[in-house]
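These notes concern the structure reproduced below.
The values are calculated or read from the model by the stated rules, or taken from the named source; none is laboratory data. Since this is a predicted model, take the numbers as computed values, not measurements. Positions of Cβ are generated from backbone atoms using ideal geometry, with glycine treated the same way; all protein chains shown enter the neighbour counts. Ligands, DNA and RNA are stripped out before the accessible areas are found, and what is left, the full protein with its side chains, is counted by its heavy atoms. Shrake-Rupley method; radii C 1.70, N 1.55, O 1.52, S 1.80 Å.
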Protein chains: 2
Amino acid sequence: MELNKVLIASSNSKKIREIEEFLKPLGIEVVLPSRKLEVEETGTTFLENAYLKAKAYHEEFCLPTLADDSGLIADSIAPYPGVYSARFYSLEVFGKEEPIPSEDSANIKKLLRVLKDKENRNARFVACIVLYLGDGKGIFSEGVVKGYITDTPRGHKGFGYDPIFVPEGFNVTFAQMELSQKQKISHRARALKKLAEMLKTL
Amino acid sequence: MELNKVLIASSNSKKIREIEEFLKPLGIEVVLPSRKLEVEETGTTFLENAYLKAKAYHEEFCLPTLADDSGLIADSIAPYPGVYSARFYSLEVFGKEEPIPSEDSANIKKLLRVLKDKENRNARFVACIVLYLGDGKGIFSEGVVKGYITDTPRGHKGFGYDPIFVPEGFNVTFAQMELSQKQKISHRARALKKLAEMLKTL
C-alpha cells in the first residue's frame, strides 16, 4: 500500500510536531488541513471520536488522515472523565464546576473533589489514534500510561490533568516533567509507536 | 506481520463460513472460540461494537480476533435502526412492538410503520469488521450496500430486514435472492473484501 502523504486532523502545533516525528522516519510526508473542521465528538469511546474526526477530515481533504482522541480515566469512577475529559467540569454527572480561572483548572478541581474520599486513586491516560485510509478502511492503535492522581496539583508544564497525574515508575507529575521526557512515555507516544510498527509492515 | 490464525468472535455458523472463504486464500487459518462470550454492545456505532467484541474475545482467547457488527440505516430516520437493528422493536423510540411471531418480524413491522408516510425510503445495510491484533492495535473496514425499503415483506430467505430491503440495481429483496448471490454483494462481503485487500499488504 502506497502511503506518501498523511493529513493530520489537528490544529494543535505541539501535537502535529509530535506526530511528524513518528511519520517522517517512515518516509511519510505530513500534510496540514487548510482550515479547521468542527467535528462533533459524539462517540462514547476514544476510538469512535478519533474515527469520526479522521473520517470527516478525509471527506473534506481526500487524503489518508490521522486523528487522535485521548483522555484520562480514573479507576474508581471509570469510564469518567474519559471522552469527557476536556469538558468534565461542565458535566451534570458528579456536579458542575465553573470554568474559573480556566477549563483545565475547573476539570482538575472537579476530579479532586470527586476522588476526595476514594481510596483507589489509580488512573490512566489513554490515547487512540485512527489512520483512516479512505473507502471505509483504516488502522488504529491505542496507547496507555498508568499512574495515580495526586491530592493537589504540582507543576506548571503540560496541560489538562497533567498537574495531578503521576505516571507509574516516577514520583513527579506530568506537569513537573520536561516535555521531552513526557513525550517519551506518554499515551500518545505509545499509540504513535504502535501505529508506526503497523505502518512499517504495510 | 505474521498472521497465521484468526479467531472469529461469532457463533453464527453461516457468518463463520462466509468469513472463512475470505481468509483462507490469504493463508489464514480460522479458529473458533470454545465458548460464547456475553459482550455488552454498548457502542453507538458499528465500529465501536465490533471493536468491543473483538477485544473481549482477544482478552479471553489470546489470538488475533475478527469481529463484525452490522445493521440497517433508513435515511429518513437515520441513524435508526442502526446499532439497534436487532432489537429495534423493543426500543422506546418510535414506540415498541411485541416480538410476535418473532423478533425479526416485529422489527420489520415497526420499521414499516415508522416509514409509512415517509417519501424517502432509501436505506443502507452497513457492516463494520474489526481485526484486533492485540496490544491496542488493529485494522477495520466498512462495507455498505445501498437500496430501498419496500412497502411489504417479500421472500423468505435470509434473516432480519432482508424481506423489505431491495439492493440498488435489483428489483428483488435480499430475502428473494439466493444466498450465494446475496453474499456476493452484501455489506459484510464488501467489508471482508476490503479487509482482505489490507491484509494482502501486511
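Please give me, ordered by residue number, the GluC sites (Glu not before Pro) of segment A:81-176 that lie in loop per DSSP and have at most 12 other Cβ atoms within 10 Å.
Answer in residue order: A:Glu92, A:Glu119, A:Glu168.
With a cut-off of 15 Å, note down the residues of segment A:127-164 whose backbone N falls inside the zone around a label point 7 Å from the Cα of A:Glu41 toward its beta carbon.
A:127-130, A:143, A:159-162
Which percent, to the nearest 5, of DSSP beta bridges fully inside segment A:5-200 are antiparallel?
85
Placing +1 on the Cβ of each Lys and Arg and -1 on the Cβ of each Asp and Glu in segment B:5-200, which of B:Ile139, B:Pro167, B:Val30 has its Cα farthest towards the positive end of the resulting dipole?
Among B:Ile139, B:Pro167, B:Val30, the one farthest towards the positive end of the dipole of segment B:5-200 is B:Pro167.
Once phi is turned into ³J(HN,Hα) by the Karplus curve 6.51 cos²θ - 1.76 cosθ + 1.60 with θ = phi - 60°, what whole-Hz value does each residue of segment B:153-169 show in order, with x for glycine and proline?
Each residue's phi maps through the Karplus curve to give x, 9, x, 10, 7, x, 7, x, 8, 3, x, 10, 10, 9, x, 3, x Hz.
What are the trypsin sites (Lys or Arg not before Pro) within segment B:71-142 that DSSP puts in a loop, where the Cβ has at most 10 other Cβ atoms within 10 Å?
Here the trypsin sites (Lys or Arg not before Pro) that fit, given the DSSP loop and packing criteria, are B:Lys116.
Give, rounded to the nearest 20 debye, the magnitude of the charge dipole that segment A:1-85 has about its Cα centre when Lys and Arg contribute +1 at Cβ and Asp and Glu contribute -1 at Cβ.
280
Tell me which of B:Met198, B:Val130, B:Val114 sits at the most positive position along the dipole axis of segment B:67-202, charges placed on C-beta atoms (Lys, Arg +1; Asp, Glu -1).
Farthest towards the positive end: B:Met198.
Quick check: with the 1.4 Å probe, what order do B:Leu111, B:Leu179 take by accessible area, largest first?
Putting B:Leu111, B:Leu179 in descending order of accessible area: B:Leu179, B:Leu111.
Could you work out the pair-distance distribution P(r) of the protein assembly as shown from its alpha-carbon pairs, with 20 angstrom bin width and percents rounded to whole numbers?
25, 53, 21, 1
Could you state the number of Å between the C-alpha centres of segment B:62-101 and segment B:148-202?
Taking the Cα centre of segment B:62-101 as reference, the centre of segment B:148-202 is 16 Å away.
So which trypsin sites (Lys or Arg not before Pro) in segment A:11-58 pass both tests, a DSSP loop state and at most 14 other Cβ atoms within 10 Å of the Cβ?
Answer in residue order: A:Arg35, A:Lys36.
Of the accessible area of the protein assembly as shown, with the probe set at 1.4 angstrom, what percent is carbon plus sulfur?
48
Using a 1.4 Å probe on protein heavy atoms only, how many Å² of accessible area do A and B hide from each other, summed over both chains and rounded to 100? All intermediate terms of the calculation are to be shown ahead of the outcome.
On the way: alone 10960 and 10930 Å², together 19730 Å².
In total, this chain pair buries about 2200 Å².
Rounded to two decimals, what is the ratio between the C-alpha radius of gyration of segment A:1-130 and 2.2 N^0.38 Å?
Ratio of Rg to 2.2 N^0.38 Å for segment A:1-130: 1.22.
Can you give the translational diffusion coefficient of segment A:44-202 in µm²/s, computed by Stokes-Einstein from the Kirkwood radius over Cα pairs at 37 °C and 0.692 mPa s?
200
How large is the charge dipole for segment A:5-200, taken about the Cα centre, if only the Cβ atoms of Lys, Arg (+1) and Asp, Glu (-1) carry charge, to the nearest 20 debye? Don't skip to the answer; put the middle values down first.
On the way: 29 positive and 27 negative charges, 103 e Å.
Using only the charged Cβ atoms, the result is roughly 500 debye.
Work out, step by step, the length gained on full extension between B:Arg113 and B:Thr201: first 0.36 nm times the residue separation, then minus their alpha carbon distance; give nm to one decimal. It would help to have the intermediate numbers written out before the result.
Values: separation 88, 0.36 × 88 = 31.68 nm, distance 4.60 nm.
Here the segment from B:Arg113 to B:Thr201 would lengthen by 27.1 nm.
Where nothing but the Cβ of Lys and Arg (+1) and of Asp and Glu (-1) is charged, how large is the charge dipole of the protein assembly as shown around its Cα centre, in debye to the nearest 20? Walk me through the intermediate numbers first.
Details: 58 positive and 56 negative charges, 92 e Å.
Around 440 debye, computed over the protein assembly as shown.
Partner chain Cβ atoms within 10 Å, averaged over the residues of A:49-59 - can you pull that number for me? Show your work: numbers first, answer last.
Details: counts 0, 0, 7, 2, 0, 0, 2, 0, 0, 0, 0.
Counting other chains' Cβ atoms within 10 Å and averaging over A:49-59 gives 1.
When the solvent-accessible surface of protein heavy atoms is calculated with a 1.4 angstrom probe, in what order do A:His58, B:His156 fall, highest first?
Output order, biggest surface exposure first: B:His156, A:His58.
Can you tell me the FRET efficiency between B:His156 and B:Glu21 if r is taken as the Cβ-Cβ distance and R0 is 35 Å, rounded to the nearest 0.05? Don't jump to the answer; show the numbers that get you there.
Details: r = 24 Å, r/R0 = 0.69.
Approximately 0.90, to the nearest 0.05.
Round to the nearest 0.05 the FRET efficiency obtained for B:Gln183 and B:Glu29 when R0 = 25 Å and r is the Cβ-Cβ distance.
0.75
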